[in-house]
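The next block holds one structure in the form of structure tokens; read it before the comments.
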Amino acid sequence: MQPPPPPMYSPVQPISQAPVPGAFPMPQPGMPMMPQGGWSLPNTICPPGLEYLMALDHLFVRQEVPVLEAFTGFVTERKYNVVNIRGEPVFYVAEESGICARLCLGSYRSCEFRVMTGDTREVLRMVRPLRCDACCCCCCLQELEVYSGDQLLGSITKDWSCWRPSFSVRNAAGDTVLTIKGPWFKFCVEVAFKVRSADGEHKVGVIRKKWGGFAKEIFTEADNFGISFPLDLDVKIKAVLLGACLLIDFLYFDNTVHD
């Protein structure tokens, strides 16, 4: 019997694994995933209610000032509207604190923030304990923790510094994933707090406060902020940066500071 004729096609050749110029290297077995651009790779697990943040790289925070506080100076609980770049509502933030804390401690008061969607569904809870803010005390610095339900997403902690404001953005494990450096002087038209990688080598984003004009700044405390971050940043860290914006507003732009 004659052997069968050879096939009329060539066998499929294996695809070359050579790296493509300009592309990120493929992870090999046992190789840890390295950060790209200075920030951690995005986590695919998104806490409920934060799905919308995954498609955003900007947030704008607008403080509401009640008429009573605008005309009398009586300190009320803070409220903020969070919108996207088109001005569409994303979240509503409401402070919860005691009247004695607001009157006696001013912007250093302990409080909680409830972050809600338009249907008043709570998606985040931010807890700010009572802390001192003296440059001579480095053991009890300002802090704000961000929760989704009972799950800790991360925290923002003020670093000890005599001059320039500095913060550490931490994940749920307590590891520093980003840093925030403020300006030497805040008396500018626009004040920028630069968000950088944990090693300070990469620019990641910015928290920017825009000056609202003489009358607005003197007679009210209505502050407007813009937050920018990478689109592929972990959504939980995006939520922590929103908390960082609120903490920065209390510490540096609130006229009710009590020394």
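Taking region 195-222 as the range and being modelled with pLDDT under 90 and closer than 15 Å to P183 by Cβ as the test, the residues that pass are K209, K210, W211. In this structure, Y147 qualifies as over 21 Å from N84 (Cα atoms) and modelled with pLDDT of 95 or more. One residue alone among R125, R121, R131 is open to solvent by 40 Å² or more (accessible area, probe 1.4 Å), within 23 Å of E95 (Cα to Cα) and either touching a helix residue (DSSP H, G or I) at 6+ places or on another chain (Cβ under 9 Å) or at pLDDT 95 or above (or both), and that residue is R125.
Being open to solvent by 50 Å² or more (accessible area, probe 1.4 Å) and modelled with pLDDT of 95 or more holds for only one residue in L178, L152, and it is L152.
The values are calculated or read from the model by the stated rules, or taken from the named source; none is laboratory data. Note that the structure is a prediction, hence the values are computed from the model and not measured. Please note: Cβ atoms are built from the backbone with ideal geometry, for glycine as well, and neighbour counts cover all protein chains shown. The area values use the complete protein model at the heavy-atom level, side chains included, leaving out ligands, DNA and RNA. Shrake-Rupley method; radii C 1.70, N 1.55, O 1.52, S 1.80 Å.
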